[in-house]
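Peer 1: Take this structure first; my questions come after.
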């Protein structure tokens, strides 16, 4: 089964099984990696699922929407590789994706 590698806010690295059709947020949330995480449940309205995507996977990410960018602008921790994990659908081409969970706002 494909997987993603997530680094929690505490620095713990966890390998999670991933299924196509789920968002990266759902995979992380269902594994209870960090709290608070994904408070809006994936509605792209809170930015609590802010993550940093491994730059090696940048070209495989869907385009960022204006709403996602606006929410990320509200974070003191935005970086060039910032994304909201609720906006990244998992597909087999993302097998091995490395994600760092951004500091809690």
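Peer 1: Let me have the 222 nm mean residue ellipticity of the chain computed from DSSP H runs of 4+ only, each contributing -39500 (n - 2.57), with the sum over all residues rounded to the nearest 500.
Peer 2: Roughly -3500 deg cm²/dmol at 222 nm, from the helical runs in the chain.
Peer 1: Would you mind computing, in nm to one decimal, how far apart the modelled labels at residue 43 and residue 73 are, each placed 7 Å from Cα along Cα→Cβ?
Peer 2: Spacing of the two 7 Å Cα→Cβ label points: 2.2 nm.
Peer 1: Now for a separate question. Can you tell me how region 3-101 classifies by the Cα gyration tensor, rounded, prolate or oblate, using a/c under 1.5 as the rounded cut? Show your work: numbers first, answer last.
Peer 2: Numbers: a/c = 1.36, a/b = 1.18, b/c = 1.15.
Cα axes put region 3-101 in the rounded bin.
Peer 1: Please report the orientation-averaged projected area of region 64-105, defined via the convex hull of its C-alpha atoms, in nm².
Peer 2: On the way: hull surface 13.3 nm².
Value for region 64-105: 3.3 nm².
Peer 1: Next question. Where the centroid of each part is defined by its Cα atoms, how far is region 1-28 from region 45-72 in Å?
Peer 2: 15 Å
Peer 1: Let me ask you something else. For the chain, what proportion of DSSP beta bridges, expressed in % and rounded to the nearest 5, is antiparallel?
Peer 2: 75 percent
Peer 1: To continue, here is another question. Given contacts defined as C-alpha pairs under 8 Å and at least six residues apart, what's the relative contact order of the chain, whole-number percent?
Peer 2: For the chain, the relative contact order is 41 percent.
FYI, it's all coordinate maths here, none of it is from the lab. Predicted model, so just to flag it, every value in this text is computed and none were measured. We place every Cβ from the backbone using ideal geometry, glycine too, and count neighbours over all the protein chains shown.
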